[in-house]
Amino acid sequence: MSKLIYITANPKPDSKLSKGMQIGEVFLEEFKSIQPDVEIEPMHLYDMDIPEIDMDLLSARAKLSFMGYTKEQLSEAERTKLEKMHALADRFIAADYYVFVTPIWNLGAPAILKSFMDCLFIAEKTFTNTADGPKGLLTGRKAIHIQTRGGIYSSGPMVEFEMGDRYLMKALKFLGFDLMETVVAEGMDHFPKKAPEIIAKAKEQATEAAREMAKQTVTL
């Protein structure tokens with residue numbers, strides 16, 4: 001059975017409080033109407049225990065990659081955090097379709113998304129180093145980003161400062177993903193009276209994107 005992982009990076013508990021998750025749910029509903037047999041696995045990052053790269057993980061990686069240590073020789077803290085990181089990566093890898101829903105905060109995505117993505121950069125699991133440079137191993141998978149923005153970043157003076165979608169797309173491309181065009185709802189804070197119209201348009205775009213993703217066959 002195919003699987004879609006639905007990743008939300010917002011401390012708000014549900015779509016009643018999150019415009020982004022409202023758009024994301026429209027995407028899921030349309031996708032499921034076309035692909036009813038695909039398993040949907042939600043990952044609400046603020047409800048997860050995501051290991052951060054700290055001294056233990058830095059040490060564990062160094063010991064295993066070039067210092068000649070075995071996993072059994074790691075400290076308990078190093079081994080526990082490393083195993084947690086690999087378990088999260090394994091859970092992530094076991095899917096075919098991916099939907100990321102995030103807001104833009106202070107020019108970028110919430111920090112928890114970066115911590116989550118850090119857990120996915122594992123040599124020989126999600127990428128490998130070749131004579132021509134690094135190569136992503138998560139090929140054939142489809143991913144889309146749904147992003148909400150209070151300001152305007154698609155045009156005007158803030159274009160070069162948008163680093164949330166830009167980072168996520170670059171990271172996923174590095175890992176080998178087949179990327180779809182980002183669905184963006186922007187300007188709700190600048191034009192609060194137009195917020196319903198902005199969200200409605202983004203929902204239409206999400207519906208079309210869901211149809212496109214659902215029609216694409218994933219071969220891993």
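The values are calculated or read from the model by the stated rules, or taken from the named source; none is laboratory data. Given the structure is predicted, the values throughout are model-derived calculations rather than measurements. Glycine gets a Cβ as well: all are built from the backbone with ideal geometry, and neighbour counts include every protein chain shown. The protein model used for the area step is the full one, side chains on, heavy atoms only, and it has no ligands, DNA or RNA in it. Shrake-Rupley method; radii C 1.70, N 1.55, O 1.52, S 1.80 Å.
In the set (1) at pLDDT below 95; (2) loosely packed, with under 12 Cβ neighbours inside 10 Å; (3) not aliphatic (A, V, I, L, M), D56 fails one condition alone, (2). Taking the criterion of being in a strand (DSSP E or B) and open to solvent by 40 Å² or more (accessible area, probe 1.4 Å), the only residue of segment 108-125 that qualifies is A123. The set of residues in segment 34-59 that are more than 20 Å from the chain's Cα centre (by Cα) and without any contact (Cβ under 8 Å) to a residue 12 or more places away in the chain comprises P36, M55, L58.
Here's the yes/no breakdown for (1) among the basic types (K, R); (2) more than 21 Å from I112 (Cβ to Cβ); (3) touching a Pro at 6+ places or on another chain (Cβ under 7 Å):
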{"position": "N10", "(1), (2), (3)": "no, no, yes"}
{"position": "K16", "(1), (2), (3)": "yes, no, no"}
{"position": "Q22", "(1), (2), (3)": "no, no, no"}
{"position": "Q35", "(1), (2), (3)": "no, yes, no"}
{"position": "P42", "(1), (2), (3)": "no, no, no"}
{"position": "D49", "(1), (2), (3)": "no, no, no"}
{"position": "S65", "(1), (2), (3)": "no, yes, no"}
{"position": "L82", "(1), (2), (3)": "no, no, no"}
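Among the candidates T128, T148, the residue that is in contact with a Pro (Cβ under 8 Å, 6 or more places away or on another chain) and surrounded by 19 or more Cβ atoms within 10 Å (Cβ to Cβ) is uniquely T148.
Is it fair to say T139 is of a type in the set (S, T, Y), under 16 Å from the mean Cα position of the chain (by Cα) and part of a loop (DSSP other than H, G, I, E, B)? Here the answer is yes, as T139 does meet what is asked. The listed residues are A94, A77, A62, and the only one of them that is small (G, A, S) and either open to solvent by 60 Å² or more (accessible area, probe 1.4 Å) or under 16 Å from the mean Cα position of the chain (by Cα) (or both) turns out to be A94.
Against the conditions (1) of a type outside the set (K, R); (2) over 16 Å from K3 (Cβ atoms); (3) outside any loop (DSSP other than H, G, I, E, B), S155 satisfies every one except (3). Within the set of pairs 6+ apart or on separate chains, which have a first residue in segment 84-110 that is closer than 18 Å to S154 by Cα, a second that is open to solvent by 30 Å² or more (accessible area, probe 1.4 Å) and assigned to a helix (DSSP H, G or I), and C-beta atoms under 6 Å apart? Matching pairs, first to second residue: L107/F161.
Here R141 meets each of (1) basic (K, R); (2) open to solvent by 30 Å² or more (accessible area, probe 1.4 Å); (3) closer than 23 Å to E30 by Cα with one exception, condition (2). Within segment 60-75, residues that are of a type in the set (F, W, Y) sit with their Cβ atoms under 7 Å from residues that are surrounded by 10 or more Cβ atoms within 10 Å (Cβ to Cβ), at 6+ positions apart or across chains, in these pairs: Y69/K63. All of F161, F177 fail the test of being farther than 22 Å from M21 by Cα, among the aromatic types (F, W, Y) and open to solvent by less than 50 Å² (accessible area, probe 1.4 Å), apart from F177.
The residues on offer are P11, P42, and the sole one that is under 30 Å from A214 (Cα atoms) and modelled with pLDDT of 95 or more is P42. Suppose the filter is without any contact (Cβ under 8 Å) to a residue 24 or more places away in the chain, closer than 30 Å to L82 by Cα and open to solvent by 10 Å² or more (accessible area, probe 1.4 Å); does R166 pass it? Here the answer is yes, as R166 does meet what is asked.
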